[in-house]
Amino acid sequence: MNRRYSTFSCLLFIVVGLAFTIFAQASAQAGCKCPILNGSQMAFVGCKPNEALSTTIARAKQGNPKALYILGRLYELGGKTFGLPQIKWSNALAERYYLESARRGYVQAQAAIGWMYGKYRAGQKRGQSQFWFCKAAEQYNDAAIVNIRDEINYERSKKTWQEYCKPILKKGEPK
């Protein structure tokens, strides 16, 4: 029994050490000036929030989908949450950045804009919400799949999420 735990401890130590090494290399390459995303959570690693914001804005201007998503997240939640009080809460700006990122294929942005259209614009943008959830589900985003399954259950349909999304995606992005 002790041997099994010592093997597990050794493997855990190796995995944690390897992850730290990879993270440190990635941070060094990035100059430690970009927010680190972990799912929907965001943190600034190795830099001040204002430095990270400047770098993120510069990357967003270059069309970087992750940077666009981060700006959308900042505007959706308000910058105060992340130590950036100059970023005021704005659904309009969050929608703009999420949509631009989603159109560039960033899966978290696709799910976020689908959720935003579904929550804040209930009824008005239902078609767009469904489209973006289906785009994210195509990339196996769990949150998007759950939202699609909820929609299927609401309609009392027996379709799979793939069957539900096929005609929606075939039509393309609604205007």
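Can you name the condition, by its number, that Y106 falls short on among (1) at negative phi; (2) without any contact (Cβ under 8 Å) to a residue 40 or more places away in the chain?
For Y106, the failing item is (2).
Quick one: is L99 more than 21 Å from P174 (Cα to Cα) and out of contact with any strand residue (DSSP E or B) (no Cβ under 6 Å at 6 or more places or on another chain)?
no
Which count do you get for residues in the range 102-115 that are more than 15 Å from E173 (Cβ to Cβ) and in contact with a Gly (Cβ under 9 Å, 6 or more places away or on another chain)?
2
Regarding L169, is this residue outside the structural domain of P49 (by TED's automatic domain parsing), farther than 21 Å from P49 by Cα, modelled with pLDDT of 90 or more and part of a helix (DSSP H, G or I)?
yes
On the given criteria, is A137 in the same structural domain as G72 (by TED's automatic domain parsing), at pLDDT 90 or above and small (G, A, S)?
It is false that A137 is in the same structural domain as G72 (by TED's automatic domain parsing), at pLDDT 90 or above and small (G, A, S).
In the list Y117, Y140, which residue meets the criterion of being on the phi > 0 side of the Ramachandran plot and hydroxyl-bearing (S, T, Y)?
Y140
Residue by residue, here is whether (1) more than 20 Å from the chain's Cα centre (by Cα); (2) closer than 19 Å to S101 by Cα holds:
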site: G118; (1), (2): no, yes
site: W132; (1), (2): no, yes
site: E138; (1), (2): no, yes
site: D142; (1), (2): no, yes
site: I148; (1), (2): no, no
site: E155; (1), (2): yes, no
site: Y164; (1), (2): yes, no
site: I168; (1), (2): yes, no
site: E173; (1), (2): no, yes
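The values are calculated or read from the model by the stated rules, or taken from the named source; none is laboratory data. Note that this is a predicted model, so its numbers are computed, not measured. Because the Cβ atoms are built from the backbone with ideal geometry, glycine has one as well, and the counts that use them run over all protein chains shown.
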